[in-house]
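Chemist: Dropping a structure here in structure tokens format, bear with me for questions.
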Amino acid sequence: MEISLKELAARVGGTLEGDATLPVRGVAGISEARSEDVTFLANPRFADWLPRTAAAAVIVGPDCPPTDRTVIRTRDPYEAFRRAVLLFYGNRRPVPPGVHPSAQLGADVALGADVAIGPQVVIGARSRIGDGTTIMPGAVIGEDVRIGRDCLVYPHVVIREETELGDGVILHAGAVIGDDGFGFLTRNAAHGKMPQVGRVIIESDVEIGSNSCIDRATLGVTRVRRGTRIDNLVQIGHNVDVGENAILCAQVGIAGSTKIGDRVTLGGQAGLVHYIEIGDDVQVGAQGGVTKSVPGGSQVSGYPAAPHQLAKRMYAALRRLPEALRELRRLGERVARLERETGDRPRSGDGE
């Protein structure tokens, strides 16, 4: 693909300063860019690269000083560069439209227009795949699954029966959606399996990372709401409800029946117990252990999770604990020595 800088500036919402006729054929980082690439500068630490980069043009913010380089000036250079990347690479499809001969489709499977089904894909009976969706090699889709438009399912994803995906959902390699929840009834030291007969609903514009698992509900629905982003190796238990536009970083674990509000951020390796509620706009620090409900707008961290500023003071004090204990021993020894020198003896509780 080739595009002029004039057209590129218009497509990313910026103002061009420099040669409008220069061709652009790709995007790259500011230090790796070649003469036919566009790059961006948003972090002042890399400002010294502006005169040195080989890029045809640099997308910059409004505060960037005037320069002899050709630039595209925009209010948000990160967003403008994202649009440029999508312009050059967003329409690529890893599997061509059509059904590969090695794919296996069950009875009454319905495929929308322009669907791409890769090699060794298995789709169960009565499942529905929306227009423009791509299913990459080795994915397994159960019976009665509903997948919306323009979804991207990477290799070896498993989508169990009766799962529902909205439009524009991305499932990265190895993700498992709708497997059984971890439910057992223990009697006489034996663990009887509790049937997991609910399902999973993933709303539109959700992205789920590699090897993440979202369990089906015991009864009812496990739900991930619109716009949420889930990193790799995340575990979401049965009957969890994750709100809109949440961010779940790598190795987060959420126990069953917990409710996560909108725009919540869970740092890496955060863990949440079951049957609690996390309010809107909550931020949980990395490795935070949340053992009770958290009101909206809070920032918590540590284990058990506490208000973030308090948790920082607690951990700072904990680092000084060995020194404090040594000082306490020294004071105890000093008191004992003074008592020996003065002949004082501690009095017993009965006054003897």
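The values are calculated or read from the model by the stated rules, or taken from the named source; none is laboratory data. Everything quoted here is computed from the prediction, not taken from an experiment. Counting neighbours? That spans all protein chains shown, and the Cβs are built from the backbone with ideal geometry, glycine included.
Chemist: Scanning the stretch 315-344 for residues that are outside any helix (DSSP H, G or I) and over 45 Å from the mean Cα position of the chain (by Cα), which turns out modelled with the lowest pLDDT?
Modeler: Of everything passing the filter in the stretch 315-344, Asp344 is modelled with the lowest pLDDT.
Chemist: Name every residue in the stretch 2-16 that is of a type outside the set (A, V, I, L, M, F, W, C), assigned to a strand (DSSP E or B) and in contact (Cβ under 8 Å) with a residue 60 or more places away in the chain, in order of residue number.
Modeler: Across the stretch 2-16, there are no qualifying residues.
Chemist: Condition test on Gly256, is it in the same structural domain as Gly166 (by TED's automatic domain parsing), touching a residue at least 60 places away in the same chain (Cβ under 8 Å) and not in a strand (DSSP E or B)?
Modeler: The answer is yes for Gly256.
Chemist: Something else now. For Thr222, indicate whether it is in a strand (DSSP E or B), farther than 25 Å from His308 by Cα and not charged (D, E, K, R).
Modeler: For Thr222, the condition - in a strand (DSSP E or B), farther than 25 Å from His308 by Cα and not charged (D, E, K, R) - is met.
Chemist: Among residues belonging to the stretch 74-116 that are part of a loop (DSSP other than H, G, I, E, B) and of a type in the set (S, T, N, Q), point out the one that is surrounded by the most Cβ atoms within 10 Å (Cβ to Cβ).
Modeler: The selected residue is Thr74.
Chemist: Report whether or not Glu203 is out of contact with any strand residue (DSSP E or B) (no Cβ under 9 Å at 6 or more places or on another chain) and either at pLDDT 95 or above or more than 21 Å from Thr163 (Cα to Cα) (or both).
Modeler: No.
Chemist: Only residues that are surrounded by 14 or more Cβ atoms within 10 Å (Cβ to Cβ), touching a His at 6+ places or on another chain (Cβ under 7 Å) and not in a loop (DSSP other than H, G, I, E, B): list them for the stretch 168-208, please.
Modeler: Within the stretch 168-208, just Ile208 meets the criteria.
Chemist: Identify, please: which residue in the stretch 283-311 is aliphatic (A, V, I, L, M) and assigned to a loop (DSSP other than H, G, I, E, B) and is, among those, surrounded by the fewest Cβ atoms within 10 Å (Cβ to Cβ)?
Modeler: Ranking the qualifying residues of the stretch 283-311, first place goes to Ala286.
Chemist: Something else: Identify all residues within the stretch 162-199 that are within 28 Å of Gly227 (Cα to Cα) and among the hydrophobic types (A, V, I, L, M, F, W, C); write none if there are none.
Modeler: Within the stretch 162-199, Leu165, Val169, Ile170, Leu171, Ala173, Ala175, Val176, Ile177, Phe182, Val197 meet the criteria.
Chemist: Give me a count of the residues in the stretch 250-268 that are more than 17 Å from Gln299 (Cβ to Cβ) and not charged (D, E, K, R).
Modeler: 8
Chemist: Among what's in the stretch 92-119 and is within 28 Å of the chain's Cα centre (by Cα) and charged (D, E, K, R), pick the residue that is nearest to Leu152 (Cα to Cα).
Modeler: Residue satisfying both the conditions and the ranking: Arg93.
Chemist: Somewhere in the stretch 123-134, is a residue assigned by TED's automatic domain parsing to the domain that holds Gly26, assigned to a loop (DSSP other than H, G, I, E, B) and in contact with a strand residue (DSSP E or B) (Cβ under 7 Å, 6 or more places away or on another chain)?
Modeler: no
Chemist: Ok, one more. Is there a residue in the stretch 271-280 that is of a type in the set (A, V, I, L, M, F, W, C) and surrounded by fewer than 15 Cβ atoms within 10 Å (Cβ to Cβ)?
Modeler: No, the stretch 271-280 contains no residue that is of a type in the set (A, V, I, L, M, F, W, C) and surrounded by fewer than 15 Cβ atoms within 10 Å (Cβ to Cβ).
Chemist: Search the stretch 142-167 for residues being among the hydrophobic types (A, V, I, L, M, F, W, C) and in a strand (DSSP E or B), and hand back the single one that is farthest from Gln104 (Cα to Cα).
Modeler: Once the filter is applied, the top-ranked residue is Leu165.
Chemist: Moving on. Within the stretch 42-73, how many residues turn out to be crowded, with 23+ Cβ neighbours inside 10 Å and part of a strand (DSSP E or B)?
Modeler: 6
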